[in-house]
1. Looking at the range 50-68, can you tell me whether even one residue there is under 14 Å from Ile20 (Cα atoms) and open to solvent by 30 Å² or more (accessible area, probe 1.4 Å)?
2. Scan the range 92-117 for residues that are polar (S, T, N, Q) and surrounded by 18 or more Cβ atoms within 10 Å (Cβ to Cβ) and jot them down.
3. How about the range 37-93: which of its residues are among the charged types (D, E, K, R), closer than 22 Å to Val118 by Cα and in contact with a Phe, Trp or Tyr (Cβ under 9 Å, 6 or more places away or on another chain)?
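The values are calculated or read from the model by the stated rules, or taken from the named source; none is laboratory data. Computed from a predicted model, the values in this text were never measured in an experiment. Don't worry about glycine lacking a Cβ; one is built from the backbone with ideal geometry, like all the others, and counts go over all protein chains shown. When the accessible area is computed, the model is the full protein with side chains, heavy atoms only, and any ligands, DNA or RNA have been set aside. Shrake-Rupley method; radii C 1.70, N 1.55, O 1.52, S 1.80 Å.
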Amino acid sequence: TAVTDIEVESEEEDRFLWHILYPFAGGPINGLAGLTVATTRPETMLGDVALMVHPEDDRYMHLIGKAVTLPLVGREIPVIADAYVDKAFGTGVVKVTPAHDVNDYAVGHRHPLRCLRVLDLDAKVVSFEKEQTLHDLIWNYGEQDEEYRPTDKILYKSLFTNLEGLTQREAFSRIVPE
C-alpha cells in the first residue's frame, strides 16, 4: 500500500478488461439497457461518481446528461462528457472515481463531482446506507481547507485523533517526518 503516488513505481502491464453494464436510471433508452464500461479495476467502482464519454463521440452524444445506476450500490450517477476519454479504448465509456485516481480527480474538479471515500481507516468498506451522508466521508471541491488537500484529510484525521486535546495546527506542528 502507499499513501501517495510518490511512493509508487508504475509499470505498464497487460491486464484483463472487465465489461460492466451500468443500466440507465429511468430504464432503457432507444432500446439500449445502459452503458458498458471496460475497466481493469472493477474493485474501485464503489467510489464511482460519474461515467464519462468523449464529447465528440457520436455513439454517446445523445446520452450526455442522462443518469445510470451504479451496480451493487444502486446510486444514480450522471453521464458526462470530457475530452480525456480515448474514444478508441475499450467501449469509449470511462468510469470516474476521483478519490482513487489522479486523472479522475482532475476530471472531478472540472465537472464539480463528489470525491467519495469507500474505505474507512481500517481499510474496511464503509456502509453506504449510513456513511454516504457523513460529510467527513464525502467532500466537494472548493469546500476543503486551503492548507490541506482532500486526499490528506483521511490521514490527518487519523493522526489527530491520537493527539487528543490539541488543535489541528498544534498537533501538526508536533509531527516530525522520519
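1. No, because not a single residue in the range 50-68 is under 14 Å from Ile20 (Cα atoms) and open to solvent by 30 Å² or more (accessible area, probe 1.4 Å).
2. Initial filter on the range 92-117 (polar (S, T, N, Q)): 97, 103.
Scanning the range 92-117 gives a single hit, Thr97.
3. The answer is Arg41, Asp48, Arg75.
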